[in-house]
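Novice: This is the structure I have questions about; it appears just below.
The values are calculated or read from the model by the stated rules, or taken from the named source; none is laboratory data. If you're wondering where the values come from, they're calculated on a predicted model, not measured in any experiment. Using ideal geometry, Cβ is built from the backbone for each residue, glycine included, and neighbour counts are taken over all protein chains shown. Ligands, DNA and RNA are stripped out before the accessible areas are found, and what is left, the full protein with its side chains, is counted by its heavy atoms. Shrake-Rupley method; radii C 1.70, N 1.55, O 1.52, S 1.80 Å.
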Amino acid sequence: MVTAQIGIIGGSGLYKMADLQDVEEVKISTPFGSPSDALILGTLSGTRVAFLARHGRHHTLLPSELPFRANIYAMKQLGVEYLISASAVGSLKAEAKPLDMVIPDQFIDRTKNRISTFFGEGIVAHIAFGEPICQNLAGVLADAIASLNLPDVTLHRGGTYVCMEGPAFSTKAESHLYRSWDATVIGMTNLPEAKLAREAEIAYATLALVTDYDCWHPDHDSVTVEMVVDNLQHNAVNAQKVIQETVRRLRENPPVSHAHSALKYGILTQLDQVPVATKEKLGLLLQKYLR
């Protein structure tokens, strides 16, 4: 199978990468079912990358319907070591304006119906998750944004992403609560991805693309669907420029990441006690620890 060291997950509005060359569509099956869509392999900035439309290329999957485990496992099967996750978000802070970009470094979990681990069925693992994104990968992403001098875009490095269940948006009471927690943005998808990427020993960082203010903002009621869609499209164009520059920098100088050895001290079950079927199911994650 063709491999790619860098993976890209595109969120709302980012369903393809226009500058990909030598494109190949790959349908992958995993022990956790099929991913959201076929993965698109192609060359970007001189290196092979794997792209996946998180909600499907026609946006047919609700956040709670996303096959998170299959998506991350498929990236692992392709050899991905660095994963950039682009995500549309609402802003919880006045200074994080629509069209701005945020690289959060923390998450708060408000989901209810997500499976966010590969483990179980006879094997127990507890990953360290105090720093839920790879700071070194986030640094490359931030440097790429800064170098591009995108008009109308301000970069916010750091901050907290509230991951809510959806598909309904927040009530005003919830929105004000999240602001009291000093959260920066709110979305519906990135925390399960971050947890699973860490278990899969893939370095992960979020590129949060602000579409509008959450409902706490006094001008929120004047936001229209047309405005949000326009911002999504504008964000998608900017995100592709950022991702292309990030890929170029990763190709030239791939950073060291603690994520790449996240399971070294995380597996509690003695591997000779793990059921054979579970070992086979998780073989891709366990192979270097079974030697």
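Novice: Of the residues that sit in the stretch 267-291 and are in contact with a strand residue (DSSP E or B) (Cβ under 7 Å, 6 or more places away or on another chain) and either under 30 Å from residue 147 (Cβ atoms) or modelled with pLDDT of 95 or more (or both), which one is most open to solvent (accessible area, probe 1.4 Å)?
Specialist: This residue is 268.
Novice: Hand me the list of helices (runs of 4 or more DSSP H) wholly inside the stretch 90-201 holding 3 or more residues that are farther than 20 Å from residue 52 by Cβ, polar (S, T, N, Q) and open to solvent by 10 Å² or more (accessible area, probe 1.4 Å).
Specialist: Correct list: 135-148.
Novice: Any idea which of (1) modelled with pLDDT of 95 or more; (2) in a helix (DSSP H, G or I); (3) open to solvent by less than 20 Å² (accessible area, probe 1.4 Å) is the one residue 239 doesn't satisfy?
Specialist: Failing condition for residue 239: (1).
Novice: Please find, within the stretch 254-276, the residue that is farthest from the chain's Cα centre (by Cα) out of those that are in a helix (DSSP H, G or I) and within 21 Å of residue 71 (Cα to Cα). I'd like the intermediate steps shown before the answer.
Specialist: Let us first name the residues in the stretch 254-276 that are in a helix (DSSP H, G or I), namely 258-261, 271-273, 276.
Subset that is within 21 Å of residue 71 (Cα to Cα): 259-261.
Numbers: 259: 14, 260: 16, 261: 19 Å.
Going through the qualifying residues, I end up with 261.
Novice: Something else: For a quick check of your reading of the model, give me the residue pairs whose first member lies in the stretch 18-37 and is over 13 Å from residue 50 (Cα atoms) and in contact (Cβ under 8 Å) with a residue 60 or more places away in the chain, whose second is among the aromatic types (Phe, Trp, Tyr) and surrounded by 14 or more Cβ atoms within 10 Å (Cβ to Cβ), with beta-carbon atoms closer than 9 Å and at least 6 apart or on different chains.
Specialist: 31/73; 31/118; 32/68; 32/73; 32/118
Novice: Shifting gears a bit: Evaluate the following for residue 201: is it touching a His at 6+ places or on another chain (Cβ under 8 Å), within 24 Å of residue 75 (Cα to Cα), charged (D, E, K, R) and at pLDDT 95 or above? Give the steps one after another, and end with the answer.
Specialist: Values: touching a His at 6+ places or on another chain (Cβ under 8 Å): yes; within 24 Å of residue 75 (Cα to Cα): yes; charged (D, E, K, R): yes; at pLDDT 95 or above: yes.
Against the criterion (touching a His at 6+ places or on another chain (Cβ under 8 Å), within 24 Å of residue 75 (Cα to Cα), charged (D, E, K, R) and at pLDDT 95 or above), residue 201 qualifies.
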